[in-house]
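Participant: My questions will all concern the structure given below.
Since every read-out is calculated from the coordinates, none of them should be taken as a lab result. This one's a predicted model, so the numbers in the text were calculated from it and none came from an experiment. FYI the Cβ positions are ideal-geometry reconstructions off the backbone, even for glycines, and counts take in every protein chain you see.
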Amino acid sequence: MKNLFVILIMTFLSAHIFGQDLIITNVNDSIICKIMIVKKQQIYFKHVQDDMVRDTSIALSLVKSYTKDYTMDDAEEKSALAASNSDYPRFRLMFNAGLGYSLAGVSNTVPDDFRNYVNELRTGTHYNAEFTYFFKEVLGLGVKYDMYTTSNRIDEIYMIDEFGNITYGAMSDDISVSYFGPSLSFRLFDKKMKNSLVAGISVGYVSYNNNVIIIDDYSMKGGT
């Protein structure tokens, strides 16, 4: 009878004194407890174990979330969120396009008559596509493709050869710079797993192509 009385008292205490807060670990275990203090690296709390009130702590690095003065609705919401977090989005497909600008300045070797023409080639259009598979919540592998295009044209130019002959015609550049390579991505979600910050690194191949007209047509190509 005495043991039964002790059990009832401890159950009452656990439910009403130490059952006010909730800790959810990274492995989705729920701890109903009374949080005493939260420090930079540890959470100190009281909970009932083996019919005894125990003081213990857990490293913050092992905690997915914690709630003070939680209700049953909070607990259900946290549990559902924790379950969804274990099934994080694994695929990411991204595409964007916009204006691009080359940071390289105009060479001093460009004649003054053509400096404005070359400067206008610094503005173009940029395209980017990337596919990533996240094998961990924060790490993913994928491939990416980038292209920058720009063009310009002057319809009336002339050239004087070494014999003094003058030839009239057009001058134009149609430039594309492409990049393709594997990528390593890093991802950080917010607490609700609805938004993320993604950064990445990549090493690949860059190709350069320019369809040129200076009176006559020819092409310039390169890669690295």
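Participant: Taking the alpha-carbon distance from Lys39 and a cut-off under 20 Å, which aspartates and glutamates remain once sequence neighbours fewer than 8 residues away in the same chain are dropped?
Facilitator: Asp21, Asp55, Asp69
Participant: With +1 on each Lys and Arg Cβ and -1 on each Asp and Glu Cβ, and nothing else charged, work out how big the dipole of the stretch 144-212 is about its Cα centre, in Debye to the nearest 20.
Facilitator: Using only the charged Cβ atoms, the result is roughly 1080 debye.
Participant: I want the local charge near Tyr205. Using Cβ-Cβ distances under 15 Å, sum +1 for each Lys or Arg and -1 for each Asp or Glu among the other residues.
Facilitator: After counting each charged neighbour, the total is +1.
Participant: Could you give log10 I(q)/I(0) at q = 0.27, 0.32 Å⁻¹ for the stretch 159-210, computed by the Debye formula over C-alpha point scatterers of equal weight, without solvent?
Facilitator: Each listed q maps to, in turn, -1.00, -1.12.
Participant: Students often get this wrong, so check it: of Lys40/Lys192; Lys34/Lys68; Lys46/Lys192; Lys144/Lys192; Lys136/Lys192; Lys40/Lys64, which have C-alpha atoms separated by over 19 Å?
Facilitator: Lys40/Lys192; Lys46/Lys192; Lys144/Lys192
Participant: Another question, if that's okay. Quick check on the stretch 124-224: what does the Kirkwood estimate of hydrodynamic radius come out to from the alpha carbon pairs, in Å?
Facilitator: It works out to 17.0 Å.
Participant: Along Cα→Cβ, 7 Å out, is where each label goes; now give me the distance between the ones at Ala97 and Phe186 in nm to one decimal.
Facilitator: Result for the modelled spin labels: 3.2 nm.
Participant: Still on this structure, please answer the following. Given the peptides 117-124, 141-148, arrange them by the average over their residues of other C-beta atoms within 10 Å, most packed first.
Facilitator: Top to bottom by mean Cβ count within 10 Å: 141-148, 117-124.
Participant: Sticking with the crude label model, points 7 Å out along Cα→Cβ, report the distance from Lys40 to Leu62 in nm, one decimal please.
Facilitator: 2.1 nm
Participant: Using alpha-carbon pairs under 8 Å, 6+ residues apart, how would you state the relative contact order of the stretch 93-224 in percent?
Facilitator: 19 percent
Participant: Quote the FRET efficiency, to the nearest 0.05, computed for Thr25 versus Phe131 with a Förster distance R0 of 30 Å and r equal to the Cβ-Cβ distance.
Facilitator: Efficiency computed from Cβ-Cβ geometry: 0.35.
Participant: Turning to a different aspect of this structure: Calculated FRET efficiency, Ser202 and Thr123, Cβ-Cβ r, R0 22 Å, to nearest 0.05?
Facilitator: 0.35
Participant: For the ranges 104-110, 186-192, 210-216, what's the packing order if you count other beta-carbon atoms within 10 Å of each residue, average per peptide, and put the highest first?
Facilitator: Highest to lowest by the protection proxy: 210-216, 186-192, 104-110.
Participant: Still on this model: Translational D (Stokes-Einstein, µm²/s) of the stretch 114-171 at 4 °C and 1.567 mPa s when Rh comes from the Kirkwood sum over C-alpha pairs?
Facilitator: 82 µm²/s
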